[in-house]
Amino acid sequence: MFDHLVMPLSTDDEPDFVPLFSLEDEEETRQDEVYPDTLPILPLKNTVLFPGIVTPITIGRDKSIRAVQRAYDTGRFIGVLSQKDVKLETPSTDDLHTVGTVARILKLLKMPDGSTTAILQGRKRFRLVRMESEDPFMMGEITILEYEKLKNKMEFKAAISSIRDSAKHIIELSPQIPSEAAVMLGNINNDNFLLNFIASNLGIDLKEKQSILEENQLQTKASLILKHMDSELQLLELKDQIESKVRVDIEKQQRDYFLNQQLKTIQEELGHNPQEEEINALLERAKKKKWTKTVEEAFHKEINKIRRVNPQIAEYAIGINYLETILDLPWEEYSKDNFDLKKVKQVLDKDHFGLTKVKERIIEHLAVLKLKGDLKAPILCLVGPPGVGKTSLGNSIAKALKRKYIRVSLGGLHDESEIRGHRKTYIGAMPGRIIQSLRKSKSGNPVFILDEIDKVGKDFRGDPSSALLEVLDPEQNTTFHDNYLELEYDLSKVLFIATANSLNTIQPALLDRMEIISLAGYSLEEKLEIAKGHLIPEQRKEHGLKTSDIKITDKALMSIIHDYTAESGVRNLNREIGSVMRYAAKNLAMDEPYETTVKPDHLHKILGPTKYESDIYTEKQEPGVAVGLAWTSVGGEILFIEVSLSKGNGKLQLTGNLGEVMKESAFTALSYIKAHAEELGVDPEQVEKTDIHIHIPEGAIPKDGPSAGVTMLTALTSAFTKKSVKPFLAMTGEITLRGKVLPVGGIKEKILAAKRAGLTEIVLCAENKKHVEDIEPEYIKGLRFHYVKKMKEVIDLAIG
C-alpha cells in the first residue's frame, strides 16, 4: 500500500511522475461547477483515477493527445475511463469500463523529448451512456453518479476509524513509505476523499480498484477497502517477523563472534589460552599411557593438526573427540586375573548348576595362564536352547576371574559399521561397538559376551558376521582395525564368549573360528536343584518375602516342572515360581490366611489347571502310530508319526509341514518296506494296491531332519502288519536303503524330552551310545536304552 507515494505510477503510456493529491473531494468543489453532458474520453491503460486524486499522465497515443487538447481548449474537463485489457494499443468502446472519473486538466506540459504530459485532478464519478464518436478522438455522452445515502452512519464512522488505524500501521511496517505519509493522512478530514486516496494507493490489481470505484454505497466501499488493507497488513506483519528473525540471528552470530574475539584477546593478554590448555591437558594424560610407538606418533600428529585449527569450526571438535577416544582406550591396561582355581570353581558352581564342560574349559584356560603367564584367550561359543543360562554364565565367569564384564547383543544387527565403526570424516562418526565397549570397561582383558550371534542380519548395508571374522580370529584380532580409530588394536587378551540357540544360521567361516560348547537342556533333577538353590531364593527376595512366608515342597516343584512347563531351560519354571510368590505376597499383604507350605494339591488353586499332559505319549496307540524324538532350537521334542492306509495304487502323501530331508526319509522307509516286505511280514501286493498317508501333527510348525527315519519305518510297518507299537517306547535315528540305522545329534535333549514325557524305553543307533554315557547316570535313571545297527532290530523291538 502507498507504493505510489514513492514509486512512479503506470498510466497511459510510461510512468514519468509521482502522483499527487488534492485535499478537495468532489463534495468540496464549487456548487456551481457544471459538467457538460458530452465530454472527450481519455482511455487509461494501467491505472484507475479516483475523485480528488491529482496525477500526471504522459500522453502518447494520437487520439488521446487530440482528446486532451480539445478538452483543454473547451473547459478543461475530460472523461477518464480505464481499459479492460491493458495490452490494447487502440481500444474501442467495448474495451473500456463504463464507469470512470470526470477529471479537470490542471496543466498541460510539452516535455523536452516532444511528448505531452497532462496533470489531471479527479472530480466526479460518471457513467458512460453512449459513445458518440471514436474519430478523430473519443467523445461520449455521460451522466454524473452520486453515492447513495448512508443507512448507518455510526457503522461507517467505525469503518473509517479502522481504515485510519490500519493505514498508520501499514506506514510503520513499510520502510519504503516515508514517515510524512502519516502526517498527510492526519490532514485528510473528508471521509469520502480518504477512501478515494487509500483506494488509489492500494497494492491491488486494476479490476479490484475498478470495482471499488463503481461501488455506490459508501459503507460497502469502506468494507472492501478495509478487507484489502487487512490482507496487505497481514503480509507486511509476516514479512516483518521473518526479517526480524533473520536480523536477530545475524546479530547474534556477529555478537558471539565479537565476544569470542574479545575473550580471546583478553585471555591472550592475561596469558591464558583455553585451546592450548585443553591440548596440554590431553598431552598430560598421554604421558601416563603405555602405548606403542605407532599410536604415540598418530596421537602427536593429530595434536599438531588440532593446534592449527580454529576452535570455532567443526573440525576442531571432531579432532578433540578422536584424541579423547584414543586416550580413553585401555592400551596395555589389564585387570589382574584370579588364579585361585578352586575359588573360581566355587564361584561358578554357586552361580550355575551343571554346565560342567564350560566350567572345565574356563578352569583349563586359567591353569595355562597361571603356568605360562601369557596365552591368547579362547573364543568360546555356547550353543543351547533358551533359558539354560548362556548369557548369565558370562557374567558369572567375569565375576569368578575378577574381570570386567561387557555384553553386546547382536540380534537383528544389520550394519557392518556397528562392528567396525565409521570413518571419522563423517558427521556424527563413532567407533564400532567393540571399541566403544572396551573404552567404557577401561580394561584390555574383559569377558566380552557376544549375545545371539546366530541372529545377526545381512542386507545392503553390509554383513556384520563377516566383520566379526576379524574380531573372533585369534590370528587376526591382535591387529583389529576400527574405521574410526584407524589404528591397530589388540583384542587377543579379551575373553570372547558368543551365545547362540542354533548353529545353522551362523556363517561357516565364523563358526570355524569359535570353540563350540553345547549346553543341553536340564533334566528334571537338574531343574529341581536349580529351583531350590537359585530360583526360589531369588524370587522370594524379589517379592519381599521371608523363608517362613512361603515354602514349596519337592513334590510340588516336580509337579510344576512336569505339569506346568515343557522346556529345556528354566525361564518358564522361574515365571511359575514367581506366580506362587505373588500368591503368597498378596495374601500376606491383605492379612488373609494361606498355606505357607505349597504342596502339589495346592497348585491348581494357585497356577490353574495343568498345561501339559504326558499320558498321550504313554498310552497304547492303534496300529500305524509311532513316537519319535526330535531336536529343535528350544530343546528336545516328542512327535507322533501317524500312518493311514486306503485302497489305491501305492501313492504316498505327506502332510504336517515337512522339510525336504524328512520327506526323503519317508520315501526311503517305503522303499525299504517294498524291498523287504516278506521279511517284515507285509504282503507285497497290498503295498502296491494301497495309498499311504503319513502325517505328523502340529502342522503349523515346520519340521525337518533325518532323525525320524526309524520312526516312519516303524509306523509304516505297524500299519501294514496291523500291529500296535509297544507303549512307553520312543525312537530316533536315520535309515538307509540297506536297512542300516545311522547316528543323529541332539541326543541329550531328546532323552530329556522322553523322560519329561514319561517314556521308559528309547531306541537309538549303537553309535549314539557314547553320547548317552556323557549324561549323568542319575538324570537318566529309570530309562532303558536299546542300541541297534539294523532296521530289522528296531521292528523286532517295537512290534515284535
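Since every read-out is calculated from the coordinates, none of them should be taken as a lab result. For clarity, every value in this text was computed on a predicted model and none was experimentally measured. A quick note on method: Cβ atoms are made from the backbone with ideal geometry, for glycine too, and the neighbour counts reach across all protein chains shown.
For region 488-600, averaging the sequence separation of C-alpha pairs within contact (under 8 Å, six or more residues apart) and dividing by the residue count gives a relative contact order of 31 percent. A Förster distance of 60 Å, applied to the separation of the beta-carbon atoms of residue 611 and residue 481, puts the FRET efficiency at 0.70. By DSSP, the beta bridges lying fully in region 374-489 are antiparallel in about 40 percent of cases. Judged by the gyration tensor of its Cα atoms, with axes a ≥ b ≥ c, region 320-456 is oblate; a/c meets the 1.5 cut and b/c is at least as large as a/b. Here each label is just a point 7 Å from Cα along the line to Cβ, and for residue 518 and residue 775 those points are 1.2 nm apart. The amide H of residue 81, built 1.01 Å from its N in the peptide plane, has 42, 44 as neighbours under 5 Å, considering only residues 5 or more places off or on other chains.
Over 32 Å between Cα atoms, which of 288/372; 245/305; 440/750; 359/605; 157/239; 458/541 qualify? The pairs that break the limit, which is 32 Å between Cα atoms, are 245/305; 440/750; 359/605; 458/541. Using the rule -39500 (n - 2.57) for each DSSP H run of four or more residues, divided by the residues of the chain, the 222 nm mean residue ellipticity is -13000 deg cm²/dmol. Pairs exceeding 18 Å between alpha-carbon atoms, taken from 342/748; 342/532; 357/748; 289/402: 342/748; 342/532; 289/402. Taking amide H as placed 1.01 Å from N in the peptide plane, the amide H of residue 496 sits under 5 Å from that of 380, 448, each at least 5 places away or on another chain. When both region 75-98 and region 431-501 are represented by their alpha-carbon centers, they are found 86 Å apart. A simple spin-label model places the labels of residue 597 and residue 227 9.4 nm from each other, with each point 7 Å out along Cα-to-Cβ.
Each of 163, 519, 692 was scored by the projection of its Cα onto the charge dipole of the chain, and the greatest displacement toward the positive side belongs to 519; charges sit on the C-beta of Lys, Arg, Asp and Glu. Apply the a/c threshold of 1.5 to the C-alpha gyration tensor of region 448-500 and tell me whether it is rounded, prolate or oblate. Note, shape of region 448-500 comes out oblate.
Rounded, prolate or oblate: pick one for region 407-486, where a ≥ b ≥ c are the square roots of the eigenvalues of its C-alpha gyration tensor, a/c under 1.5 means rounded, and failing that, prolate if a/b is larger than b/c, else oblate. Cα axes put region 407-486 in the rounded bin.
Of the residues 298, 383, 771, the one whose Cα sits farthest toward the positive end of the charge dipole of the chain, with +1 on the Cβ of Lys and Arg and -1 on the Cβ of Asp and Glu, is 771. Across the chain, the relative contact order, built from alpha-carbon pairs under 8 Å that are at least six residues apart, equals 7 percent. Evaluated with a Cβ-only charge set (Lys, Arg +1; Asp, Glu -1), region 270-351 carries a dipole of roughly 320 debye about its Cα centre, given to the nearest 20.
Rounded to the nearest 20, the size of the Cβ-charge dipole of region 402-466 about its Cα centre is 580 debye, with Lys and Arg at +1 and Asp and Glu at -1.
Among 421, 367, 398, which residue has its Cα furthest toward the positive end of the charge dipole of region 314-432, with +1 on Lys/Arg Cβ and -1 on Asp/Glu Cβ? Projecting each Cα onto the dipole axis, the largest value belongs to 367. Along each principal axis, taking the top coordinate minus the bottom one, the Cα set of region 196-332 gives 95, 35, 19 Å in descending order.
Dipole magnitude for the chain: about 3640 debye, using +1 per Lys or Arg Cβ and -1 per Asp or Glu Cβ, origin at the Cα centre.
The value obtained for the chain, namely the Cα convex hull volume divided by the number of residues, is 390 Å³ per residue. All alpha carbon pair distances within region 121-255 were sorted into 10 Å bins beginning at 0; the resulting P(r) in whole percents reads 10, 31, 28, 16, 10, 3, 1, 0. Remark on residue 59: its backbone amide H falls under 5 Å from those of 116, 117, 118, a criterion applied only to residues 5 or more positions apart or on other chains, H modelled at 1.01 Å from N.
Could you grab the relative contact order for region 340-487? Cα pairs under 8 Å, six or more apart, rounded to a whole percent.
Once normalised by length, the contact order is 26 percent.
Most simply put, the chain has about 60% antiparallel DSSP beta bridges, counting only bridges with both residues inside it.
Where both bridge residues fall in region 637-707, DSSP classifies roughly 55% of the beta bridges as antiparallel.
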